[in-house]
Amino acid sequence: MRDYQGYNFRGIDDVYNVLSPILAKCGLCILPRMIARQCEEVPTKSGGSMRYVTVEAEFDFVSVEDGSSHTCRTFGEAMDSADKATNKAMSAAYKYAAFQAFAIPTEGDNDADGHTPDPAPRYAPQPQRPAAPSRPAAGPAKLPEVGNWRDVPIHVGKKYVGQTLGSVPESVQQWFLTEWKKDKRVGEFADNDRLIAALEAMARENGGAA
């Protein structure tokens with residue numbers, strides 16, 4: 001057991017020294033297998049750089065008597081300024097696989113290494129920008145001026161295309177006002193806007209709701 005920053009931790013050597021004679025006595029071996037590895041360069045506070053490595057590992061616990069096995073999967077993380085980050089990450093994965101598989105008691109926060117350097121912040125804080133002034137909400141779209149609504153041509157409906165709104169029967173005018181208009185949006189097409197404006201003018205003239 002070693003002490004660092006006020007807590008006890010067990011290194012990989014401690015695990016090997018305890019487990020090795022027990023594994024030999026019980027006829028059990030542990031076979032590591034690295035599934036994935038990620039490596040990233042991170043800056044340090046002193047201006048240098050560190051390698052930050054994460055490994056995903058599987059460990060086969062194999063019986064030498066009959067070949068039966070069980071697999072344990074763990075992750076290991078480590079940082080190093082030279083070429084030892086991967087080795088440390090593998091050791092951490094092995095150590096915690098052993099801790100979990102054999103229920104080895106630990107004290108405090110255990111670490112794979114006796115020293116973990118402090119990396120510098122990855123991103124410098126950005127100055128706060130003043131919020132852009134909010135824009136007033138847009139009002140309803142304005143319909144075009146159509147003059148006399150009766151002279152506005154109809155551009156929809158095969159039977160009425162080319163005729164003016166004032167030339168079609170009143171029942172057709174009401175259909176355009178109550179059925180066609182409610183499904184059309186202002187600003188969708190220029191011809192729609194003109195016909196909608198004519199229908200609203202017609203409704204106002206007749207004393208009805210547009």
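Throughout, read-outs are computed from the coordinates displayed, never taken from laboratory work. Only a predicted model underlies this, so the values are computations on that prediction, with no experimental measurement involved. Positions of Cβ are generated from backbone atoms using ideal geometry, with glycine treated the same way; all protein chains shown enter the neighbour counts.
Rank the residues 91, 69, 46 as a footprinting-exposure proxy: fewest other Cβ atoms within 10 Å of their Cβ go first. Please report the intermediate quantities before stating the final value.
On the way: 91 21, 69 14, 46 10.
Result, fewest neighbours first: 46, 69, 91.
What order do you get for 13, 83 when you list them from fewest to most C-beta neighbours inside 10 Å? Present the calculation step by step, with values, prior to reporting the outcome.
On the way: 13 11, 83 8.
Arranged by neighbour count, lowest to highest, 13, 83 become 83, 13.
Over the C-alpha atoms of the stretch 2-102, what are the Rg and the largest Cα-to-Cα span, Dmax, in Å?
For the stretch 2-102, the Cα-based Rg and Dmax read 15.8, 54 Å.
On a straight-distance basis, which lysines could pair with residue 181 in a cross-link, Cα separation under 18 angstrom, same-chain partners fewer than 8 positions away excluded?
Those lysines meeting the cut-off are 142, 158, 159.
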